[in-house]
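Quick note: the coordinates plus some simple rules give every number you see, no bench work behind them. Small disclaimer: the values here were computed from a predicted structure and weren't measured. Positions of Cβ are generated from backbone atoms using ideal geometry, with glycine treated the same way; all protein chains shown enter the neighbour counts.
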Amino acid sequence: MRILSLYAAVIAVCLMLLQGCTKEEKLNQSPNSSQSKSTNGLRKTGTAADVSARLASLRSSLSLPEHNLNTHVSNLLQQHPEYKSVVLQALKAPGAPVCNSNTPIRQWLNEQLSDWDENTIFFASITGMLDFPTYDALLFENSEAGQTFGINGEYTHVLTKTFKDLKRFWDIQSADIIMVAMHGNMLLDRDRIIRIDMILYGDSQTDAEFWADLIISLMNDVPQYRKGDHPIFTFNAFAQSSFDFPPYGTIPSKIVMGDGILDGYTGIGYGDVAPQAVLAHEFGHHIQFQLNLYPSTSSPENTRKMELMADAFSAYYLSHARGASMQWKRVKQFLQVFFNIGDCGFTNVNHHGTPTQRMASAEWAYQVADNAQKQGHILSSSEFVSLFLAAYPSILAH
Ligand SMILES: [Zn+2]
């Protein structure tokens, strides 16, 4: 959470900067801009080095406790540490798992973050900007109409097709589940930022406007943020069951697919498998929601069981002749990378199982699919779960 003294300090410094660049501000402001007071607090024509120097100057004027640096980062994702761990590792945040730190996806994200210096990370952190796309998709992307996936819509076709196919394949009631995108360019949308800021931080309208203008200014003026298109803003996918969110109404059951996670796997050569595999894993969580499989208490053991089961649902669908019918060898190559992201937090409540256990679960599901396809048969979701639970002790033994 942002504290009041921090807020006041940031305002004071921004106002100082504002006064120093009034001329550029007028020149640069578009006629129909709805942005106000601090919008151009950092705006000045110049090189990236100028921007960096400005950020450093802004930051050094603030006296902040150092732990603030990672507060927002550590809140980034609650549900999916398989992605969260990558982000934490990339930002060298405390609590990042130490195992498998050299996986291809992590190297890719590190590469994407290689031009982020301490000040870029600092402003990403204090503004809370890393959280905004996730919460905006979670709370306000509530219709499938007009959804596109990927920064340029490059995953729209494959994901829409796969989602429809998953609904056909699994026998749960899935008509009401929607799939929506998470795009980082919402960080350019003043009204959306204000709305999320007021919900997440309880800010007044005026305070939320301040933060929105600061974030938009950073997006436009700091090239490292890529106007919100940097993958770190959307390095995530998750499943959420329906819930009431007054006064906004009921949030429908949904799967959220972030542009960043999709780009990451494409970037390391798995664009042919990853979108389908990640989506099938998330769909697996919806099967669990509907069959009431989620234990009432959360523990590392319970999370591990649910995640290993979601991996199995995914592998079964991907390899089944009447599912995605993918070559198992190819699926396995991807899963090797996916599972090796590195979740060795055995005592962490978000523990997903070790890479070996996750692969054992997927291998088991592939065998079940292989047997089933000989009979031209798709198991019902509850039949599949019974078989999984019977095999679970041997999966864990890996
Ligand atoms: Zn999961």
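Let me know the shape class of region 193-276, please: from the alpha-carbon gyration tensor, a ≥ b ≥ c as square roots of the eigenvalues, rounded when a/c is under 1.5, otherwise prolate if a/b is greater than b/c, or oblate.
Here region 193-276 falls in the oblate category.
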Calculated FRET value between LYS227 and THR206, using beta carbons and R₀ = 35 Å, to 0.05: 0.85
Starting from the Cα-Cα distance between SER298 and LYS161, subtract it from 0.36 nm times their residue separation and give me the gain in nm to one decimal. 46.0 nm
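Can you divide the C-alpha Rg of region 270-398 by 2.2 N^0.38 Å and report the result to two decimal places?
Cα Rg divided by the expected 2.2 N^0.38 Å: 0.98.
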Restricting to Cα pairs below 8 Å that are 6+ residues apart, what does the relative contact order work out to for region 270-398? Please round to a whole percent. 28 percent
Report the local net charge at ASP176: Lys and Arg +1, Asp and Glu -1, summed over other residues whose C-beta lies under 12 Å from its C-beta. +1
Going residue by residue through region 288-296, the Karplus relation 6.51 cos²θ - 1.76 cosθ + 1.60 with θ = phi - 60° gives ³J(HN,Hα) values, rounded to whole Hz and with x marking Gly or Pro, of 5, 4, 5, 7, 6, 8, 5, x, 6
Using DSSP to call loops (not H, G, I, E or B), can you name the GluC sites (Glu not before Pro) in region 143-252 whose Cβ has at most 15 other Cβ atoms within 10 angstrom? GLU144
Give me the extension gain from ASP272 to ILE199: residue separation times 0.36 nm, minus the current Cα-Cα distance, reported in nm with one decimal. 22.5 nm
Greater than 30 Å separation of Cα atoms is the criterion. Which listed pairs, LYS167/LYS305; LYS227/LYS305; LYS167/LYS374; LYS167/LYS227; LYS254/LYS374; LYS305/LYS329, meet it? LYS227/LYS305; LYS167/LYS227; LYS254/LYS374
In nm, to one decimal, how far is the modelled label at GLU383 from the one at ASN185, with both set 7 Å along Cα→Cβ? 4.6 nm
Rounded if a/c under 1.5, otherwise prolate or oblate - region 150-304, Cα gyration tensor axes: oblate
